[in-house]
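The values are calculated or read from the model by the stated rules, or taken from the named source; none is laboratory data. Just so we're clear, the structure is a prediction, and the values are computed from it rather than from any experiment. Methodologically, a virtual Cβ is constructed for each residue, glycine included, from the backbone with ideal geometry; neighbour enumeration extends over all protein chains shown.
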Amino acid sequence: MAYFLSIHPHLRARALIRITFLGAFIAWLVLIFSDVTILFSDIRGLHPDIPVWLPRLMFDLYVLCLFYYYKFKIEKEESLNFTDLLWRVFATGLVATVVSLGLRLILFLLGDTALATNILFTDVIYHINLALFLSFLMAAFTSWKRLILYQKSKWLIRVWTVFEFTLLFALLYDSLNSGTNGTLSTIIAIMLGGLGLVLSANMKWVAYLNFKQKWTSLLLLVLAFFYLGYFFYTTTRLADFIGIQSTSFLDFREHTFSLSIFGFVMVYSLFSFLVILFNLPTSSVFEQKLEEVVNFQRISQSIQTEQSEESVYNILLESSVSSVFADAAWLEIKSVSQEDRLFTYGISEPETKAIQDHIINNKIKGALDQGIDKTKNLSKHLGSLKGARFRSLLSFPIVVKGESIGTLAILKELPDGFNKEMTRVVSTFANQAGISIENFRLLEEAFQNERYKEELKIAKTVQKSLLPENLESNGDFDIAAFSQSADEVGGDYYDTIRINDHKVALIIADVSGKGTTAAFHMSQMKGIFHSLAQQELDPREFMVRANKALVFCLERGSFISAIYFVLDSENGEITYCRAGHCPVLYYTSATDTSAYLQDKGAALGMVKNMTYCNMIDVYKIKYQKGDVMVLYTDGITEAKDSKGVEFGYENLEQTILEVKDKGAREIQEHLISKLFDYSGTDDINDDFTTMIVRFK
Amino acid sequence: MVQIKRLQEDGIDTLAVIGEIDASSSIELDLSIAKSVGEGFKKILVDCSSLEYISSAGLGVFMSYIEEFKDKGISMVMFGLNEKVANNFSILGLADLLHICSTKEEAKQLVNELSV
């Protein structure tokens, strides 16, 4: 048994089917042998060598084996549908009947020979027929069980269990007492009859058959009646024949069990037959309901499976037409950006236009315009249109995000072709289609956003490449820089360029605003820097020309703040010009003091006319070994802590003084880590950049 | 977030800017000034005494009107800037381009003088 449990359930079921079949067969063989022996002994007036209860026990065993055989074969087989179940019953009956008829043929061929009239031979024939009959009954019983317990309730399962156990009790009781005369037998029979009738009222499965399946089921049930009748007649005849000569055989007519199960199968078949028959005229309604559900699902699922809005529209058209048995339909989708689109089903475009024009010409208010929010029955207006084949018209708005995006019109050739029910169904469809289209558009948007994100990522790498990888340095100074953007792309810029063997140009710039626009201007600034710096311009001239170039590139309200430096190592001098940028922090090692350089200068791109050159000035500083020049953008001084207090100029100065003797890289790293500590996050909500020049 | 209250007296339109002006709220400031200009005011005062912070985008808004004001003969005077805001203006070099006073009386006087 342990072995059985461990193997695959499918194989186990097959093994069990074989075992139960074998069990039934063996039980049946023993039954025949013992019954014939007892009958033989009785006729000869001998005492039988085997106990008289043996055939009855074997009969019980046979029935139980059959019960389990069909339990595994029919009850557990989940793939069977209702007609399949009926077909199984029919097939079992057919095989049984064919075998039985074959025996009849043999008997007929034997004629009136001694063998044919031999009571023992008749007993064997009787037993074969009885076995076939019971096999058919058990198959039907198991199938009916499945039909009855379809959509079961707890209560129904309880009733069924009681019914099954009562049958088992009847089976065992029969084998203990021969004869149906006992009071208990009558009680059992009445009980089984009552339970059987209650159970026979469960016919829910019939509703799920379509028209064709109902006809098939009726046919199969009629044939089942035939089998039942045939077997009952045959076995009764044979039992009568034997009964005349002896009563010492297993007479099924004395069994409450056999009679009860026959009665039950018969009653349920009859009920099913009648219920199916009377359900035939209404089956089209059920089918229609089912189709509505299926169509509804199609529309809902179209969003996942279909590639375009058009598919949703086409499915909507088809579904609406088939659900209300309409002859034609059209769908008009209005859109702002594109031309109006028209989808038709069973109607040509010119015909559609003719009807639309007719309605518009007759000034039927709100008929097919987009503003309507209610379903309209416009059938009465069609009467006045000459040459139109349609006599009924319903129109529905399709609403997406509370806005009507189109109209669905359903047409019928019959006058008054739409009832309230149909109107409701199609308006539900239209609503669902609206939801599907909305979902579809949302999905498209999501895809679009995803694409933008990808493009921003690319922009980010492109912009990263705009910032220099290596900064100029020479024996006099080292430069270290750090930059981070709040968004994917930012507007901060720094760069260096070698003008000649002793001059290096430096720039730090901040474009107003952030994000993509700022990034574009930043790349312009890079172009300007690289083209102007190489011309060995005086810083003022650089700014004036840069301003001139930028004034016409920047949009209204945008500007760029910048500082341009020329570091000359020949005479140890810094020449710079500030254009509205944050003041430079300069640490002088000789006096061990630091200060923000106070100077004037307006940002680039603000002033169009030539007065700009008066708004800036050029300043010169002599640098010495150990000096530190700190360049930064306002993202650093304006970085906020958790309370919203800005980092500020004093903090910046203090931070630099802490590491004034270190190299450029260390100073820069110290400043950035301080800044992150201060803000409590490394996700500062602005672009920020710093550039440290350390003289040595 | 920013809140802008407008008050008209003696042909002077006073815009009281309350709160912070960043990239998104600068649009509101722009709209208010544009409205004032559109209504034909030649004297505009900007009350910055409740302006806590102004970003570069906000500064850009003031800046963007400089040329237009010059062309239309409109004079704008700002007053009551706190230290930080004033610093932002001066760093950018806007202090030279815009008229900035400390009190409302001074601002009123200046705007009247300018428009003569």
**OP:** Mind telling me which of the residues A:G515, A:G527 ends up being more than 20 Å from A:G601 (Cα to Cα) and away from chain B (no Cβ under 14 Å)?
**Re:** A:G527
Original post:
Residues A:L259, A:L290, A:L316: which one is under 30 Å from A:W87 (Cβ atoms) and modelled with pLDDT under 80?
Top reply: A:L290
Original post:
Any idea how many residues of the stretch B:10-32 are more than 11 Å from every other protein chain (Cβ to nearest Cβ) and either over 20 Å from B:V116 (Cβ atoms) or outside any loop (DSSP other than H, G, I, E, B) (or both)?
Top reply: 13
**OP:** Would you mind stating whether A:L120 is hydrophobic (A, V, I, L, M, F, W, C), more than 47 Å from the chain's Cα centre (by Cα) and at pLDDT 90 or above?
**Re:** no
**OP:** Answer with yes or no whether A:D617 is among the charged types (D, E, K, R), more than 13 Å from every other protein chain (Cβ to nearest Cβ) and within 21 Å of A:I508 (Cβ to Cβ).
**Re:** no
Subject >> Single residue of the stretch A:586-609 satisfying the filter (under 30 Å from A:F552 (Cα atoms) and surrounded by 19 or more Cβ atoms within 10 Å (Cβ to Cβ)) that is nearest to the other protein chains (Cβ to nearest Cβ) >> reply: A:A602
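Matching residues to (1) surrounded by 24 or more Cβ atoms within 10 Å (Cβ to Cβ); (2) over 14 Å from A:F565 (Cβ atoms); (3) assigned by TED's automatic domain parsing to the domain that holds A:T611:
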| site | (1), (2), (3) |
| --- | --- |
| A:A509 | yes, no, yes |
| A:T516 | no, yes, yes |
| A:A519 | yes, yes, yes |
| A:Q524 | no, yes, yes |
Original post:
Which of the residues that make up the stretch B:34-70 are facing chain A (nearest Cβ under 10 Å) and aliphatic (A, V, I, L, M)?
Top reply: B:A57, B:L59, B:V61, B:M63, B:I66
Subject >> Search result, residues across the stretch A:455-493 that are of a type in the set (D, E, K, R) and closer than 21 Å to A:F529 by Cα >> reply: A:K460, A:K464, A:E469, A:E472, A:D478, A:D492
Original post:
So which residues in the stretch A:667-696 are under 24 Å from B:S56 (Cα atoms) and β-branched (V, I, T)?
Top reply: A:I672, A:T681, A:I684, A:T689, A:T690, A:I692
Subject >> Matching residues, the stretch A:27-48, being of a type in the set (V, I, T), closer than 30 Å to A:Y68 by Cβ and touching a residue at least 40 places away in the same chain (Cβ under 8 Å) >> reply: A:I32, A:V36, A:I38
Original post:
Of all the residues that make up the stretch A:293-313, how many are in the same structural domain as A:V400 (by TED's automatic domain parsing), crowded, with 18+ Cβ neighbours inside 10 Å and at pLDDT 75 or above?
Top reply: 1
**OP:** Check off (1) more than 19 Å from A:I128 (Cβ to Cβ); (2) aliphatic (A, V, I, L, M); (3) touching a residue at least 60 places away in the same chain (Cβ under 8 Å) for A:L66 and give me the number that stays unchecked.
**Re:** (1)
**OP:** Enumerate the pairs (first residue in the stretch A:663-687 and free of Cβ contacts under 8 Å to residues at least 40 places away in the same chain; second residue anywhere and in a loop (DSSP other than H, G, I, E, B) and among the small types (G, A, S)) with beta-carbon separation below 6 Å, excluding pairs fewer than 6 apart on the same chain, so at least 6 apart or on different chains.
**Re:** A:L675/A:A639; A:G680/A:S642
Original post:
Has the stretch A:664-681 got at least one residue that is more than 56 Å from the chain's Cα centre (by Cα) and within 14 Å of chain B (Cβ to nearest Cβ)?
Top reply: no
Original post:
Can you spot a residue in the stretch A:341-354 that is hydrophobic (A, V, I, L, M, F, W, C) and modelled with pLDDT under 75?
Top reply: no
**OP:** Being within 29 Å of B:V61 (Cβ to Cβ) and either free of Cβ contacts under 8 Å to residues at least 40 places away in the same chain or within 14 Å of chain B (Cβ to nearest Cβ) (or both) narrows it down to one of A:P539, A:P583, so name that one.
**Re:** A:P583
Subject >> First in the stretch A:549-574 and within 14 Å of another protein chain (Cβ to nearest Cβ) and under 18 Å from A:A509 (Cα atoms), second anywhere and crowded, with 16+ Cβ neighbours inside 10 Å and among the charged types (D, E, K, R), Cβ under 9 Å, 6 or more apart >> reply: A:G557/B:D30; A:I560/A:D510; A:S561/A:D510; A:S561/A:R578; A:S561/A:D634; A:A562/A:D510; A:A562/A:R578; A:I563/A:R578
Original post:
Out of all the residues in the stretch A:494-521, which are in contact with a helix residue (DSSP H, G or I) (Cβ under 7 Å, 6 or more places away or on another chain) and under 20 Å from B:M63 (Cβ atoms)?
Top reply: A:A509, A:D510, A:V511, A:S512, A:G513
**OP:** For B:V116, state whether it is touching a helix residue (DSSP H, G or I) at 6+ places or on another chain (Cβ under 7 Å), more than 13 Å from every other protein chain (Cβ to nearest Cβ) and more than 29 Å from A:G515 (Cβ to Cβ).
**Re:** no
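Rundown of residues vs (1) assigned by TED's automatic domain parsing to the domain that holds A:A139; (2) within 24 Å of A:T282 (Cβ to Cβ); (3) among the small types (G, A, S), yes/no style:
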site	(1), (2), (3)
A:G182	yes, no, yes
A:T186	yes, no, no
A:I190	yes, no, no
A:G194	yes, no, yes
A:L197	yes, no, no
A:S200	yes, yes, yes
A:K204	yes, yes, no
A:A207	yes, yes, yes
A:K212	yes, yes, no
Subject >> Only one of B:L97, B:L81 that is more than 16 Å from B:E9 (Cα to Cα), more than 14 Å from chain A (Cβ to nearest Cβ) and surrounded by 15 or more Cβ atoms within 10 Å (Cβ to Cβ) >> reply: B:L81
Original post:
Applying the selection to the stretch A:658-696, what residues are in contact with an Asp or Glu (Cβ under 8 Å, 6 or more places away or on another chain), under 30 Å from B:S24 (Cβ atoms) and among the hydrophobic types (A, V, I, L, M, F, W, C)?
Top reply: A:F676, A:F688
**OP:** For the stretch A:592-650, enumerate the residues that are β-branched (V, I, T) and in contact (Cβ under 8 Å) with a residue 40 or more places away in the chain.
**Re:** A:V607, A:I616, A:V618, A:I621, A:V628, A:V630, A:T633, A:I636, A:T637
Original post:
Does A:L101 satisfy the condition of being touching a helix residue (DSSP H, G or I) at 6+ places or on another chain (Cβ under 8 Å), farther than 18 Å from A:L149 by Cα and surrounded by fewer than 19 Cβ atoms within 10 Å (Cβ to Cβ)?
Top reply: no
